[in-house]
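To start, the structure under review is shown below, and the notes come after it.
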Amino acid sequence: MTLHGETDLLMRRTFPTLMGGRALTWYTILPTGSIASWDDLAGKFQTHFATSRPAPKSVRSLENIRQQSRESLRSFLDRFDKEALQVQGLDPEVQVHILLSGLRQGAFAYELARHEITDLE
C-alpha cells in the first residue's frame, strides 16, 4: 500500500480486515484512540506477537537428531535434512560431522568414519 501512496489512515483502517484469530481479538480490545499512526500500530503489533514467531534453528538443534534403532537411513536423512535446511549459514563440514555423529552404530556408519567426508554428496 505504501508503494501506491496510500495514506496512513487508510492503512490503519484496512489492516484489521486482513486479520483473523488471535490477531483480530488483540486488535478489537485495543483502547479507542490508542493508535496514533501506522508506525504505532505496526510497532504495537510486532511487540505483542514477537514471541509467536518461531525461533530460528541453530546448529544445536541438529545435534539432537539421532537415527533411531529401527529407523531407515532414508527416514533419518529426511528428518536431518528438513532441520538442516532451517539453519542459516550452516557450514557444510559441520553439517557432515553432525550428520555422521547422529547415525546409529553399524557397518554403514563405520564405513563412513573410515573415509574423510567433507560434503553431503
Matching residues in segment 20-58 (hydrophobic (A, V, I, L, M, F, W, C), exposed (fewer than 12 other Cβ atoms within 10 Å of the Cβ) and at pLDDT 85 or above) number 1
If I filter segment 90-99 for residues that are in a loop (DSSP other than H, G, I, E, B), exposed (fewer than 15 other Cβ atoms within 10 Å of the Cβ) and not aliphatic (A, V, I, L, M), do I get at least one hit? yes
Going by the structure shown, is GLU111 of a type in the set (Asp, Glu), in contact (Cβ under 8 Å) with a residue 12 or more places away in the chain and part of a helix (DSSP H, G or I)? no
I'm trying to understand the selection: among the residues of segment 63-76, which are touching a helix residue (DSSP H, G or I) at 6+ places or on another chain (Cβ under 8 Å) and either open to solvent by 70 Å² or more (accessible area, probe 1.4 Å) or part of a helix (DSSP H, G or I) (or both)? GLU63, ARG66, GLN68, LEU73, PHE76
Applying the selection to segment 77-88, what residues are assigned to a loop (DSSP other than H, G, I, E, B) and either surrounded by 10 or more Cβ atoms within 10 Å (Cβ to Cβ) or at pLDDT 90 or above (or both)? LEU85, GLN86
Could you list, in sequence order, the residues of segment 77-93 that are within 18 Å of ILE117 (Cβ to Cβ) and touching a helix residue (DSSP H, G or I) at 6+ places or on another chain (Cβ under 7 Å)? PHE80, ALA84, LEU90
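The values are calculated or read from the model by the stated rules, or taken from the named source; none is laboratory data. Source: prediction; values computed, not measured. With ideal geometry, Cβ positions are generated from the backbone for all residues, glycine too; neighbour counts draw on all protein chains shown. Keep in mind that these areas ignore ligands, DNA and RNA; they rest on the heavy atoms of the full protein, side chains included. Shrake-Rupley method; radii C 1.70, N 1.55, O 1.52, S 1.80 Å.
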